[in-house]
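The values are calculated or read from the model by the stated rules, or taken from the named source; none is laboratory data. No experiment lies behind these values; they were computed from the predicted model shown. Every residue, glycine as well, gets a Cβ built from its backbone with ideal geometry; the counts of neighbours run over all protein chains shown. All accessible areas refer to the heavy atoms of the entire protein, side chains included, with ligands and DNA or RNA removed. Shrake-Rupley method; radii C 1.70, N 1.55, O 1.52, S 1.80 Å.
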Amino acid sequence: MADKILIVGLGSIGRRHLNLAREIFPDAQIAVLTSKVASDHSFGDILILHEISDALEFKPQISVICTPAHTHLEYATLFLSNSIVLVEKPLTSSLEDSNSFLHLPERYFERCLIGYNLRYMESLIYFRQLIHTNKIIGQIYSVNGEVGQHLSSWRPGVDAKKSISAQAKMGGGVLLELSHEIDYLMWIFGDPVWVNASLRSQSNLVNDVEDTANLWIAFDDLITKNRIVASINMDFLRRDATRVCTVIGELGSLRWNALKGTVEFYGVGEREWKILFTKNDDFTESYKREWLVLLEMSRFSIPPPVAVHEAYAVMRIIEGFRKSNDLGARVSKKQLEELRYGY
């Protein structure tokens, strides 16, 4: 078991991880490294630290980095030498920092898990399995992903425009904040063949980042080798919180709804969607499974199921989307492979 756990950052995601650490490791000593003044009495016997030196002296066995993305590299470098580390997504706020991440000692990569927790959702795992078996929908014609929620509802009581999500220097914007969609599509379909993007800022909710992204990402089917084009629509604007992916094939359509934890099928001759899988607590449970992975990494030295190089690939695709938007053209696989910061 992990005897000492450190949570770095005390925003909304930091508090979520703190609560999970308390639940899963009731006998562990838990510390929080934060710049905030912690007057909340609900912290109980949690050790509140304000100095990095004190956090290093604490010697955690598991460290969870929940700070803004532009600080991820700094904290990972500090704690990976002696700790299993979960870095909340995205890997960093820029491809430049992500390149630096890859230059950390090789042994660090086996100790670093990236927080793309949707991969632990049983509904998404089932959805992926159905696609990979290629038995239910036949040849895939197209894929459509939608994700969005009005930014004002993300963090109640916080001015949206002052939030991390609204500021480029903090790693904001829909591409980074909603990068789960890019990660899970690559997890399902593999490396992209080309990407295309239209990025816009349409509201007064953000400062210097995009609040809307219309993305296209092409893959070669892992089984049939047919070209699959996926569209992804992201925004901070819609009032009806949504996270859905639909795959259209020759024998029907397959739909995953993350908020409901369902997988549905609409087949030939059907008049309505048929539920194939449902688990309503899927999203919350995904964080618990992520913590159990951390425990297994700590106890048995298993490799991280969501590794640094995969999160780096997401960052490179994001940079490809930015380049596509600037050029008004597709970015090819060769261009993606050659892409570096400051193209």
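For Leu33, the amide hydrogen comes within under 5 Å of the amide hydrogens of Ile7, Val8, Gly9, Leu49, counting only partners 5 or more places away or on other chains and with H modelled in the peptide plane. The spacing between segment 197-254 and segment 290-343, judged by their C-alpha centroids, is 17 Å. Computed with the Debye formula from one identical point scatterer per Cα of segment 146-271, without solvent, the log10 of I(q)/I(0) at q = 0.13, 0.14 Å⁻¹ comes to -0.61, -0.69.
Dividing the helix sum by the residues of the chain, where each DSSP H run of 4 or more adds -39500 (n - 2.57), gives a mean residue ellipticity at 222 nm of -9500 deg cm²/dmol.
Taking Asp326, Asp235 and ordering them by how much accessible surface each has at a 1.4 Å probe, largest first, produces Asp326, Asp235. Solvent-accessible area of segment 155-220 (1.4 angstrom probe, protein heavy atoms only): carbon and sulfur portion equals 49 percent. Determine how large the accessible area of Arg22 is when every protein chain is in place; take a 1.4 Å probe and give Å² rounded to the nearest 10. Arg22 has an accessible surface of roughly 80 Å² with all protein chains in place.
Between Ser81 and Thr224, the simple spin-label model (points 7 angstrom out along Cα→Cβ) gives 5.3 nm. Note on surface exposure: Glu270, Glu57, Glu319 rank Glu57, Glu270, Glu319 by accessible area, highest first, 1.4 Å probe.
Between Ile228 and Phe219, Asp220, Asp221, the built amide H atoms are under 5 Å apart, and every one of these is 5 or more places off in sequence or on another chain. Working from label points 7 Å from Cα in the Cα-to-Cβ sense, the Lys135 to Lys274 distance is 1.4 nm.
Estimated from the Cβ-Cβ distance and a Förster radius of 25 angstrom, the FRET efficiency linking Lys288 and Glu146 is about 0.45. Sorting Asp220, Asp211 by accessible area puts them as Asp220, Asp211; the probe is 1.4 Å, largest comes first, and only protein heavy atoms count.
Averaged per residue, the chain has 45 square angstrom of accessible surface, using a 1.4 angstrom probe with ligands and nucleic acids left out. For segment 19-126, what value does the Rg/Rh ratio take when both radii are computed over Cα atoms and Rh is the Kirkwood radius, given to two decimals? Result: Rg/Rh = 0.98.
Both numbers refer to the Cα atoms of segment 186-343; Rg and Dmax are 18.5, 52 Å. Compared with the dominant principal axis of the Cα atoms in the chain, helix 308-327 is inclined by about 60°.
Between the helical axis of 122-133 and the longest alpha-carbon principal axis of the chain there is an angle of about 40 degrees.
Accessible area of Tyr312 (1.4 Å probe, protein heavy atoms only, ligands and nucleic acids ignored): about 20 Å².
Around Asn204, under 15 Å between beta carbons, what's the net of Lys plus Arg minus Asp minus Glu among the other residues? Residues close to Asn204 contribute a combined charge of -2.
Average projection, convex hull of the Cα set of the chain: 17.8 square nanometres. Among Phe43, Phe25, Phe277, the largest mean-square fluctuation in a Gaussian network model of the chain, built with springs joining Cα atoms closer than 10 Å, belongs to Phe43. Working note: Karplus 6.51/-1.76/1.60 with θ = phi - 60° gives segment 210-226 the couplings 7, 9, 9, 9, 10, 10, 10, 9, 9, 10, 9, 3, 5, 9, 8, 6, 5 Hz, where Gly and Pro are set to x. Taking amide H atoms as placed 1.01 Å from N in the peptide plane, the amide H of Tyr141 lies under 5 Å from those of Ile248, Gly249, Glu250, each 5 or more residues away in sequence or on another chain. Computed from Cα positions, the angle between helix 180-189 and the longest principal axis of the chain comes to roughly 50 degrees.
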